[in-house]
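Structure record follows, encoded as structure tokens.
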Amino acid sequence: MRRSCIKVLKKGGEPIRRILLEMDLLDNSARIASKEEFLYLPLTRDPVEAELKVITGEFELTEQEFEEQKGQLKLEDLLDEVPHFEIIGDIALIEDDVPEPEKTAEAIMKVKKNVKTVLAAISPVEGEFRTRRFRTVAGENKTSTVHREYGSRYLIDLERAYFTPRLATERSRILGQIREGQTVVDMFAGVGPYSIMIARKSQDIRVIAIDKNPDAVEFLRHNVELNSVANVEAIEGDANVEAERFAGVADHVIMNLPHNANEFLDAAVKLCARNAVIHYYDITPEDDLFESSLKLIEKAADRAGRSVEVVDTRVVRSYAPHQFNVCIEVRVL
Ligand code: SAM
């Protein structure tokens, strides 16, 4: 079978394999090939340019023949068309508009032995707390689970607090920038995936984790215990208000509230010590990925009598047709 593929040095293969998997770009029906010092990762389709930007490290986009992955029961064997789905802990999430949800759910449970429940989302991510509503399609009737990510564990109730496994690679990118002795303010911490991962890096990192959703903070506090991290201060409150108490303390400010983060930019700048980095997430159209958002950040810095230097701009993932989840990183001078 001929496939487009990513050619990468073996030692750089695993992070790229994970990224492709998260983006649903890795073709599991074909066997990953290796030749000399290279790995060839088969793709489900040609990536769009913005997706290529998400893949870090050196690689080449090429195509070649692959052997079929044999022996494993695959969803393709059971379904005419395999819809997109996500796995969080032992719960699989499908969209409610998949053609035959019950058949799909049954197939997922047959192939993915660790899945105990299949939920269909019956609402988009909505409201101030960014939650969704679900119906149980198969398995146990539940919306809570424990999800593992990069060695951390998170207890989550998907109807009561936001969580997505699709940001795992992004979170690890941020982690790489945090140094011992630094203070991080996670303004929209949810159940804690950024905060806890960062706190686990070193006891010498102070993490201030804020969220307005009382349920999210309940899970955050539980997850702080579950992962034995004593250096996370979990705060229930409005990030704009709580920022007042921590003016000038932050070396990093994480603003993971795409769509609305611009309403919190004054507070974010206020949090920043000199040379602190703001990690600002947004959802933007492909013809204006960074420019307008960057202007909003610059204006907020200007209002506080400060200026910014761009550290990085990147596409995190595609969000909807022609819409991307982006991250803009600026140093606040
Ligand atoms: N960072 C977490 C993650 O990656 O899973 C959660 C991100 S979620 C997109 C945004 C979070 O912001 C939600 O948990 C929501 O409750 C919280 N939130 C919304 N408005 C807020 C506010 N004014 N102050 C603090 N948190 C807020």
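What are the residues in the stretch 140-156 that are open to solvent by less than 50 Å² (accessible area, probe 1.4 Å), touching a residue at least 24 places away in the same chain (Cβ under 8 Å) and among the small types (Gly, Ala, Ser), if any?
Result: Ser152, single match.
Just to verify a result, which residue in the stretch 134-158, among those that are in contact with a helix residue (DSSP H, G or I) (Cβ under 7 Å, 6 or more places away or on another chain) and among the β-branched types (Val, Ile, Thr), is nearest to the ligand (Cβ to nearest atom)?
Ranking the candidates gives Ile156 first.
Tell me, yes or no, whether the stretch 324-333 has at least one residue that is closer than 19 Å to Leu175 by Cα and open to solvent by 50 Å² or more (accessible area, probe 1.4 Å).
Taking every residue of the stretch 324-333 in turn, at least one turns out to be closer than 19 Å to Leu175 by Cα and open to solvent by 50 Å² or more (accessible area, probe 1.4 Å).
Please name all residue pairs, on different chains or six or more residues apart, with Cβ atoms under 6 Å, provided the first residue is in the stretch 258-277 and is closer than 22 Å to Arg206 by Cα and the second residue is at pLDDT below 95.
Ala267/Ala243; Lys270/Ala243; Leu271/Ala243
In the stretch 185-210, what residues are more than 17 Å from the chain's Cα centre (by Cα), modelled with pLDDT of 95 or more and open to solvent by 10 Å² or more (accessible area, probe 1.4 Å)?
Residues satisfying the conditions are Asp204, Arg206.
Of the residues Val269, Val277, Val232, Val241, which is in contact with a strand residue (DSSP E or B) (Cβ under 7 Å, 6 or more places away or on another chain) and farther than 19 Å from Arg171 by Cα?
Val269
Of all residues in the stretch 126-139, which are in a loop (DSSP other than H, G, I, E, B) and surrounded by fewer than 20 Cβ atoms within 10 Å (Cβ to Cβ)?
Scanning the stretch 126-139 gives Gly127, Glu128, Phe129, Arg132, Arg133.
Go through Ala168, Ala120 for me and flag whichever is open to solvent by less than 20 Å² (accessible area, probe 1.4 Å), modelled with pLDDT of 95 or more and either touching an Asp or Glu at 6+ places or on another chain (Cβ under 8 Å) or within 13 Å of the ligand (Cβ to nearest atom) (or both).
Result of the check over Ala168, Ala120: Ala120.
For (1) under 23 Å from the mean Cα position of the chain (by Cα); (2) outside any loop (DSSP other than H, G, I, E, B), each residue gets a yes or a no:
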site	(1), (2)
Pro15	yes, yes
Pro47	yes, no
Leu61	no, yes
Asp77	no, yes
Glu81	no, no
Ile94	yes, yes
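Which one of the conditions (1) open to solvent by less than 80 Å² (accessible area, probe 1.4 Å); (2) out of contact with any Phe, Trp or Tyr (no Cβ under 8 Å at 6 or more places or on another chain); (3) closer than 30 Å to Tyr162 by Cα does Phe59 fail to meet, given that it meets all the rest?
(3)
Go through the stretch 114-140 and give me each residue that's touching a Gly at 6+ places or on another chain (Cβ under 8 Å) and closer than 13 Å to Asp96 by Cα.
Val118
Could you say which residue among Ala234, Ala216, Ala161 is crowded, with 20+ Cβ neighbours inside 10 Å, of a type in the set (Gly, Ala, Ser), within 10 Å of the ligand (Cβ to nearest atom) and more than 30 Å from Glu100 (Cα to Cα)?
Residue meeting the stated conditions: Ala216.
When residues of the stretch 215-228 are filtered for being assigned to a loop (DSSP other than H, G, I, E, B) and modelled with pLDDT of 95 or more, how many remain?
Of the residues in the stretch 215-228, 0 are assigned to a loop (DSSP other than H, G, I, E, B) and modelled with pLDDT of 95 or more.
Can you pull out the residues in the stretch 63-75 that are charged (D, E, K, R), part of a loop (DSSP other than H, G, I, E, B) and open to solvent by 90 Å² or more (accessible area, probe 1.4 Å)? First the steps, then the outcome.
Taking the stretch 63-75 and keeping what is charged (D, E, K, R), we get 63, 65, 67-68, 70, 74.
This time we only want the ones that are part of a loop (DSSP other than H, G, I, E, B), so: 67, 70, 74.
Answer for the stretch 63-75, where residues must be charged (D, E, K, R), part of a loop (DSSP other than H, G, I, E, B) and open to solvent by 90 Å² or more (accessible area, probe 1.4 Å): Glu67, Lys70.
Take Gln182 and tell me if it is modelled with pLDDT of 95 or more, of a type outside the set (A, V, I, L, M), within 23 Å of Thr56 (Cβ to Cβ) and more than 15 Å from the ligand (Cβ to nearest atom).
For Gln182, the condition - modelled with pLDDT of 95 or more, of a type outside the set (A, V, I, L, M), within 23 Å of Thr56 (Cβ to Cβ) and more than 15 Å from the ligand (Cβ to nearest atom) - is met.
Looking at Ile297, Ile278 in this structure, which one is in a helix (DSSP H, G or I), open to solvent by less than 50 Å² (accessible area, probe 1.4 Å) and in contact with a helix residue (DSSP H, G or I) (Cβ under 7 Å, 6 or more places away or on another chain)?
Numbers: Ile278 fails: in a helix (DSSP H, G or I).
Within the list Ile297, Ile278, the selection yields Ile297.
Pairs, please: C-beta under 8 Å, at least 6 apart or cross-chain, first residue farther than 14 Å from Phe219 by Cα and in the stretch 185-197, second within 6 Å of the ligand (Cβ to nearest atom)?
Pairs found: Val185/Ile210; Asp186/Tyr194; Asp186/Ile210; Asp186/Asn256; Met187/Ile210; Met187/Ala239; Met187/Asn256; Met187/Leu257.
For the stretch 237-263, name all the residues that are within 10 Å of the ligand (Cβ to nearest atom), surrounded by fewer than 18 Cβ atoms within 10 Å (Cβ to Cβ) and more than 29 Å from Pro285 (Cβ to Cβ).
Just the residues of the stretch 237-263 that are within 10 Å of the ligand (Cβ to nearest atom), to begin with: 237-243, 254-261, 263.
Narrowing further to those that are surrounded by fewer than 18 Cβ atoms within 10 Å (Cβ to Cβ): 237-238, 240-241, 259-260, 263.
Of everything in the stretch 237-263, those that are within 10 Å of the ligand (Cβ to nearest atom), surrounded by fewer than 18 Cβ atoms within 10 Å (Cβ to Cβ) and more than 29 Å from Pro285 (Cβ to Cβ) turn out to be Gly237, Val241.
The values are calculated or read from the model by the stated rules, or taken from the named source; none is laboratory data. Note that the structure is predicted; figures quoted are calculated from it, not measured. No Cβ is skipped: glycine too gets one built from the backbone with ideal geometry, and neighbour counts run over all protein chains shown. Ligands, DNA and RNA are excluded from the accessible area calculation, which covers all protein heavy atoms including side chains. Shrake-Rupley method; radii C 1.70, N 1.55, O 1.52, S 1.80 Å.
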